[in-house]
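> Dumping the structure here so I can ask a few things about it.
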Amino acid sequence: MSEMLSVEAALEQLLAAAVPVIESETLLAEAALGRVLAAPLVSGVSVPPLDNSAMDGYALRHAECSEALGQPRWLPISQRIPAGHLGQPLQSGTAARIFTGAPIPAGADCVVMQEDCEARDGEVRVTRLPKAAANIRRVGEDIQVGQTVLAPGARLGPAQLGVAASVGETCLTVYRRLKAAVFFTGDEIVLPGEPLAPGRIYNSNRAMLIALLNQLGIEVIDLGQVGDNFDATLAALQRASALADVVITSGGVSVGEEDHVKAAVEKIGRIDMWKVSMKPGKPLAHGLIGKPVGSADFIGLPGNPVSAFVVFCLFVRPFLLKRMGAAPTPPASFTLPAGFSHAKPGKRREFMRARLENGQAVLFPNQSSGVLTSLAWADGLVDVDAGVTLNPGDPVRFIPLAELLS
């Protein structure tokens with residue numbers, strides 16, 4: 001276990017170990033934002049339910065529209081059809097005034113937008129001929145009766161909830177919320193608002209980690225800070241494993257004399273993964289703890305804040321999504337020119353804080369894993385393989401932070 005895993009191998013191992021929750025509940029749709037669908041959503045209606053107009057204009061027979069084009073003859077407007085109202089069958093040689101979303105009257109086979117018509121005293125003349133069937137939304141064009149519109153594992157965002165509403169669903173069956181217990185080690189850290197004695201620093205990881213978990217819709221159990229001693233760490237792990245599906249710590253997974261988390265985990269469980277060949281964030285622990293062993297997953301994040309953030313986004317987030325019942329997908333990335341030099345090749349794969357400026361990726365000047373302001377400044381990570389040097393203009397892979405936080 002002392003050998004460092006590659007980024008790909010570590011993620012593969014973590015995802016293989018992620019066992020999705022199976023318990024579900026039914027919620028009102030408006031309360032299901034961020035949750036994961038547990039049962040397929042099958043539509044009982046067609047969307048749209050009738051052929052309808054895609055815009056404000058005039059419903060016509062295309063053949064009559066062609067005959068009228070360029071001729072002095074005007075077509076009488078035989079009816080007016082607002083959205084939500086059914087019109088009468090279209091009389092031959094006439095047009096129907098129609099509005100966006102209104103059902104197409106029987107006999108009409110195209111809609112001419114109002115900008116392409118001249119109207120006067122109850123008559124209309126076409127000035128620009130549309131194609132046959134133009135500007136008509138067909139019944140079932142979006143959704144067919146019996147179609148599965150959302151599959152199990154879908155995370156319910158605003159668009160998915162809109163789809164559910166479009167087929168008339170008011171309640172959705174979702175997986176139960178995943179529970180994550182968190183605690184933090186280090187005698188040097190104090191909570192914001194407390195006096196800052198010499199040699200102490202404020203705990204930034206707590207606020208950051210809880211926010212990352214809340215964004216995923218996970219129920220957070222905050223066990224606070226734990227002193228740097230074995231017994232306190234062991235007690236915190238035992239309590240956390242009894243309360244949560246996943247236990248996440250920050251710090252204490254290295255090999256120093258004051259790093260007790262690893263030893264405490266091995267006392268009540270096991271560690272299956274420990275180190276990843278990446279920078280920042282080499283120490284990443286995963287294992288199983290609790291009674292019986294395996295009642296909770298254990299995730300040990302690095303103590304440095306940038307390392308903790310990057311490791312969470314790249315590894316822990318997809319692991320938790322799979323535990324939640326969702327189907328995690330790789331974050332979208334794109335290639336763009338480097339706006340920097342990277343003259344010294346690293347021995348580990350690097351994820352450097354960067355932002356887009358003038359079509360290039362520009363690095364934050366200080367890439368230290370303790371400089372949290374670099375993350376507040378950045379809008380993405382530049383992914384550089386081990387042993388690679390870069391010159392300005394060389395292509396680099398850029399991963400937007402938005403892809404890692406949604």
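The values are calculated or read from the model by the stated rules, or taken from the named source; none is laboratory data. Values in this document were obtained by computation on a predicted structure and should not be read as measured data. Note that each Cβ is placed from the backbone with ideal geometry, even for glycine, and that neighbours are counted across all protein chains shown.
> Go through the range 12-69 and report how many residues are at pLDDT 95 or above, hydroxyl-bearing (S, T, Y) and out of contact with any Ser or Thr (no Cβ under 9 Å at 6 or more places or on another chain).
Number satisfying all stated conditions: 2.
> Give the residue, chosen from A151, A207, A211, that is exposed (fewer than 15 other Cβ atoms within 10 Å of the Cβ) and over 23 Å from I299 (Cβ atoms).
Details: A207 fails: over 23 Å from I299 (Cβ atoms); A211 fails: over 23 Å from I299 (Cβ atoms).
Going through A151, A207, A211 in turn, just one is exposed (fewer than 15 other Cβ atoms within 10 Å of the Cβ) and over 23 Å from I299 (Cβ atoms): A151.
> Could you look through the range 120-135, keep only residues that are part of a strand (DSSP E or B) and touching a residue at least 60 places away in the same chain (Cβ under 8 Å), and pick out the one that is nearest to I77 (Cα to Cα)?
As a first pass, look at the range 120-135 and keep what is part of a strand (DSSP E or B): 120, 123-126.
Those still in the list that are touching a residue at least 60 places away in the same chain (Cβ under 8 Å) too: 124, 126.
Details: V124: 7, V126: 12 Å.
Among those that are part of a strand (DSSP E or B) and touching a residue at least 60 places away in the same chain (Cβ under 8 Å), it is V124.
> Okay, moving on. Pairs only if they're at least six apart or on different chains, beta carbon under 8 angstrom, first in the range 343-360 and in contact (Cβ under 8 Å) with a residue 60 or more places away in the chain, second in a loop (DSSP other than H, G, I, E, B) and of a type in the set (K, R); list them, first residue then second.
Between residues of the range 343-360 that are in contact (Cβ under 8 Å) with a residue 60 or more places away in the chain and residues that are in a loop (DSSP other than H, G, I, E, B) and of a type in the set (K, R), the close pairs are R348/K282.
> May I pose another question? If we keep just the residues of the range 20-46 that are of a type in the set (V, I, T) and within 20 Å of the chain's Cα centre (by Cα), which is nearest to V149 (Cα to Cα)? Outline the logic, then answer.
Keep residues of the range 20-46 that are of a type in the set (V, I, T), which gives 21-22, 26, 36, 42, 45.
Those left that are additionally within 20 Å of the chain's Cα centre (by Cα): 21, 36.
Working: V21: 22, V36: 14 Å.
For the range 20-46, the residue satisfying everything is V36.
> For the range 380-399, what are the residues that are acidic (D, E) and part of a strand (DSSP E or B)? Step through it out loud before you land on a result.
Of the range 380-399, the ones acidic (D, E) are 383, 385, 394.
If the condition is that a residue be acidic (D, E) and part of a strand (DSSP E or B), then D383 is the only one that fits.
> Check N304 against each of (1) surrounded by fewer than 21 Cβ atoms within 10 Å (Cβ to Cβ); (2) out of contact with any strand residue (DSSP E or B) (no Cβ under 8 Å at 6 or more places or on another chain) and name the one condition it does not meet.
N304 satisfies every listed condition except (1).
> Identify, from the list P328, P400, P318, the residue that is crowded, with 17+ Cβ neighbours inside 10 Å, within 26 Å of the chain's Cα centre (by Cα), closer than 30 Å to V174 by Cα and modelled with pLDDT under 95. Working first, answer last.
Details: P400 fails: modelled with pLDDT under 95; P318 fails: modelled with pLDDT under 95.
After ruling out the rest, the residue left standing is P328.
> So which of V306, V311, V382, V362 ends up being touching a Ser or Thr at 6+ places or on another chain (Cβ under 6 Å) and of a type in the set (A, V, I, L, M)? So that I can check it myself, show each step before the final result.
Values: V311 fails: touching a Ser or Thr at 6+ places or on another chain (Cβ under 6 Å); V382 fails: touching a Ser or Thr at 6+ places or on another chain (Cβ under 6 Å); V362 fails: touching a Ser or Thr at 6+ places or on another chain (Cβ under 6 Å).
Among V306, V311, V382, V362, only V306 is touching a Ser or Thr at 6+ places or on another chain (Cβ under 6 Å) and of a type in the set (A, V, I, L, M).
> Which residue, of E188, E169, is of a type in the set (D, E) and either under 20 Å from A18 (Cβ atoms) or not assigned by TED's automatic domain parsing to the domain that holds A31 (or both)?
Just a single option satisfies the conditions, and that option is E188.
> Filter the range 343-359 for residues that are more than 24 Å from the chain's Cα centre (by Cα) and either outside any loop (DSSP other than H, G, I, E, B) or surrounded by 15 or more Cβ atoms within 10 Å (Cβ to Cβ) (or both) and give the result.
Correct list: G346, R348, R349, E357.
> Also, quick follow-up: Taking the options V362, V382, name whichever one is surrounded by fewer than 19 Cβ atoms within 10 Å (Cβ to Cβ) and of a type in the set (V, I, T).
Details: V382 fails: surrounded by fewer than 19 Cβ atoms within 10 Å (Cβ to Cβ).
Among V362, V382, only V362 is surrounded by fewer than 19 Cβ atoms within 10 Å (Cβ to Cβ) and of a type in the set (V, I, T).
> Related question: Looking only at the range 158-213, count every residue that is of a type outside the set (S, T, Y) and in a helix (DSSP H, G or I) and tell me the total.
The first filter runs over the range 158-213 and keeps only residues of a type outside the set (S, T, Y), leaving 158-165, 167-169, 171-172, 174, 176-184, 186-201, 203, 205-213.
If we keep only those that are in a helix (DSSP H, G or I) too, we end up with 158-165, 205-213.
Residues that pass the stated criteria total 17.
> Something else about it: List pairs: first in the range 373-392 and assigned by TED's automatic domain parsing to the domain that holds K347 and over 22 Å from P331 (Cα atoms), second among the small types (G, A, S) and surrounded by 15 or more Cβ atoms within 10 Å (Cβ to Cβ), Cβ under 7 Å, 6+ apart or cross-chain?
Short answer, once both residue conditions are applied: L390/A338; P392/A338; P392/G339.
> Assuming A402 fulfils every condition listed in (1) part of a helix (DSSP H, G or I); (2) in contact (Cβ under 8 Å) with a residue 60 or more places away in the chain apart from one, which condition is it?
The number of the failed condition is (2).
> Looking at the range 214-235, which of the residues that are free of Cβ contacts under 8 Å to residues at least 40 places away in the same chain and touching a strand residue (DSSP E or B) at 6+ places or on another chain (Cβ under 9 Å) is nearest to L321 (Cα to Cα)? Walk me through how you get there before you give the answer.
Taking the range 214-235 and keeping what is free of Cβ contacts under 8 Å to residues at least 40 places away in the same chain, we get 214, 229-232, 234-235.
Still in the running and touching a strand residue (DSSP E or B) at 6+ places or on another chain (Cβ under 9 Å): 214, 232, 235.
Working: N214: 12, A232: 30, A235: 28 Å.
Here the residue is N214.
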